[in-house]
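The values are calculated or read from the model by the stated rules, or taken from the named source; none is laboratory data. Just so it is clear, the structure is predicted and the values come from calculations on it, not from any experiment. Here the Cβ is made from the backbone with ideal geometry for all residues, glycine too, and neighbour counts use every protein chain on show. Only protein heavy atoms, including side chains, enter the accessible area calculation; ligands, DNA and RNA are left aside. Shrake-Rupley method; radii C 1.70, N 1.55, O 1.52, S 1.80 Å.
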Amino acid sequence: MGLRVQAETLEIVKDEKGLVGISIGGGSPYCPCVYVVQIFDGSPASKDGRIRAGDEVVAVNGISVKGERKSAVAQLIQVSLNPVKITINKLESDASKGKTLDIVLKKIVEFMDQDSADALGLSRAILCNDPLAAKMKILESNAEFYCNLVSYFGDSFHYLDKIAAHQKEFGDIFCDLAAHEKQATANEAFTAFGERHRLLERKQSDALKRLRPIVADLQVYVDHVVPDTQLTIKKYLDVKYEYLSYCLKLKEMDDEEAEFLAIQENLYRIETGNYEYRLMLRCRHECRQRFLQMRSDVMVKIELLDQKHVRDITQHLTTFAKSMAKCQSDCAEVLKDPIDVPIEIDLAQLSLQNQSEEIPSGSAVVDWAEEALVDLDSSPTDLIDVGEESVKVSIPKDDSGLEDSLEPLLSANSNDFEANEFSLIDIG
């Protein structure tokens with residue numbers, strides 16, 4: 001099996017209970033050697049680190065223990081004064097040689113039931129539901145929840161961005177209209193209206209700048225944090241099942257030894273030093289160290305992840321609510337003051353009933369125009385939109401009593417009146 005033996009003498013100080021911290025096996029009358037079965041955590045031997053499972057104990061304080069019973073060797077170590085000198089033959093072997101096919105077969109998924117294991121001939125397989133394995137489902141549930149949040153926030157930000165873009169476009173259009181408008185009142189109204197829309201766009205864009213990091217952080221959680229934690233848990237479970245597989249293998253070997261002893265027959269591997277058993281002890285010891293380390297890492301990572309999950313969700317939802325509320329209040333503040341918006345009136349719609357009749361002249365024209373303009377008395381605008389180019393509205397320039405009498409003239413033909421007496425507004 002590629003085993004190499006190297007002798008070494010160690011000095012170990014026992015603890016206050018007089019123990020070194022190792023358990024031993026083998027020995028007379030069945031095995032020619034005594035070997036280390038287990039090293040206890042926190043013991044002097046564990047802290048020293050030079051003794052490992054599977055090593056052969058050759059002598060204690062210079063006294064050879066070859067062929068002795070394991071109980072006698074243990075008593076000899078216990079009665080020895082500090083420090084205890086223990087001579088060992090170190091077992092040097094590639095631990096991968098201990099990972100045999102039956103070890104691999106024992107590593108069965110944790111959700112297999114006993115009947116399935118029996119049907120596969122693996123009735124003694126490892127069927128273990130680790131509490132940390134349940135965290136996998138919790139992580140998947142959290143990841144799904146985060147994906148839904150990302151989708152919701154993404155849709156909300158998309159529509160808010162489109163609204164902001166339309167506000168800007170609307171504002172640009174009105175400002176462009178103001179630049180081409182000759183009337184001062186209409187120019188001011190268009191400009192104010194356009195600037196308000198541009199200001200709304202800036203407020204909404206500022207809100208989006210505060211909100212977009214939320215989506216980025218949630219996406220990192222979904223794309224990196226959860227998969228990384230799931231991978232760590234999977235590695236931990238792999239190491240755990242491997243460790244338990246070695247434990248189960250050693251139990252099977254112990255049962256095999258007990259069966260041979262029951263029929264008073266010697267087992268060849270025991271008579272030859274029990275090297276295979278010692279190799280399994282070494283593999284179990286090393287795998288246990290990895291298992292304990294992985295378990296510690298997984299527990300720390302999951303605890304930090306749970307804290308981050310609770311903290312981040314609270315923080316993100318609070319930021320979202322506050323940002324949206326601030327955006328709404330800012331937009332309401334922008335729209336608080338009224339704007340004198342130019343009003344468009346299509347006088348052609350008022351003359352639909354007269355399409356088959358000839359437009360009257362003289363005083364009837366004045367009365368008809370007064371009815372058309374009566375709704376404009378309360379409006380400060382000068383802009384009137386007339387659907388037909390042939391219809392014109394003229395307002396007298398002279399202020400002497402004409403403003404109060406409301407005597408605008410309306411005609412289908414502008415040549416019926418002298419244009420030099422009026423300020424002509426032709427909007428068609």
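The HN-Hα couplings worked out from phi for the range 46-62 by the Karplus form 6.51 cos²θ - 1.76 cosθ + 1.60 (θ = phi - 60°) are 5, 5, 5, x, 8, 8, 10, 4, x, 5, 8, 8, 9, 8, 10, 6, x Hz, whole numbers, x standing for Gly and Pro.
Once the Cα gyration tensor of the range 216-351 is diagonalised, what are the square roots of 5 times its eigenvalues, in whole Å and ordered largest first, as equivalent ellipsoid semi-axes? Walk me through the intermediate numbers first.
Values: eigenvalues 1165, 48, 19 Å².
Ellipsoid semi-axes (Å, largest first): 76, 16, 10.
In this structure, Asp337 and Gln293 have a Cβ-Cβ separation that, at R0 = 51 Å, corresponds to a calculated FRET efficiency of about 0.15.
The amide H of Leu10, built 1.01 Å from its N in the peptide plane, has Ile86, Thr87, Ile88 as neighbours under 5 Å, considering only residues 5 or more places off or on other chains. Figure legend: label point modelled 7 angstrom from the Cα of Gln230 along Cα→Cβ; residues of the range 133-166 with amide N under 19 Å from it are 133-151.
Can you list which of the trypsin sites (Lys or Arg not before Pro) found in the range 159-211 are DSSP loop residues with at most 11 other C-beta atoms within 10 Å?
Numbers: sites: Lys162, Lys168, Lys182, Arg196, Arg198, Arg202, Lys203, Lys209, Arg210; in loops: Lys182.
Of the trypsin sites (Lys or Arg not before Pro), the ones in loops of the range 159-211 whose Cβ has at most 11 other Cβ atoms within 10 Å are Lys182.
When Ser43, Ser71 are compared by accessible area of protein heavy atoms, the largest-first order is Ser71, Ser43, using a 1.4 Å probe.
In this structure, the amide hydrogen of Glu68, modeled 1.01 Å from its nitrogen in the peptide plane, lies closer than 5 angstrom to those of Ser28, counting only residues at least 5 positions away or on a different chain. For the listed residue pairs Lys162/Lys301; Lys209/Lys308; Lys90/Lys240; Lys301/Lys322; Lys162/Lys322, the alpha carbons are over 29 angstrom apart in Lys162/Lys301; Lys301/Lys322.
Hey, quick one: spin label on Gln328, modelled 7 Å out along Cα-Cβ, who in the range 171-213 has an amide N within reach, i.e. under 12 Å? What the label zone holds, given the 12 Å backbone N cut-off, is no residue at all.
Each of Leu177, Leu279 has its accessible area taken with a 1.4 Å probe; listed largest first, they run Leu177, Leu279. Exposure check, 1.4 Å probe, all protein chains in place: Tyr275 carries approximately 80 Å² of accessible surface.
Longer than 32 Å from Cα to Cα, which of Lys14/Lys251; Lys66/Lys251; Lys66/Lys235 are they? Say none if no pair is. Beyond 32 Å between Cα atoms: Lys66/Lys235. In the complete set of protein chains, residue-level accessible area for Lys336 is approximately 120 Å², probe 1.4 angstrom. The listed residues Val57, Val225 rank as Val225, Val57 when sorted by accessible area, largest first, using a 1.4 Å probe.
With a ≥ b ≥ c the root eigenvalues of the C-alpha gyration tensor of the range 151-301, is it rounded (a/c under 1.5), prolate (a/b larger than b/c) or oblate? It comes out prolate by the Cα gyration axes.
If the chain linking Asp206 and Ile63 were pulled fully straight, counting 0.36 nm for each residue of separation and taking away their Cα-Cα distance, it would gain 43.1 nm.
Per 0.36 nm of contour for each residue apart, how much would the distance between Glu188 and Ser156 grow if the chain were fully extended, relative to their Cα-Cα spacing?
Details: separation 32, 0.36 × 32 = 11.52 nm, distance 3.45 nm.
Length gained between Glu188 and Ser156: 8.1 nm.
For Val215, the solvent-accessible surface computed with a 1.4 Å probe is close to 30 Å², ligands and nucleic acids excluded. Give the separation of the Cα centroids, the range 188-235 to the range 60-79, in Å. About 73 Å separates the Cα centre of the range 188-235 from the one of the range 60-79.
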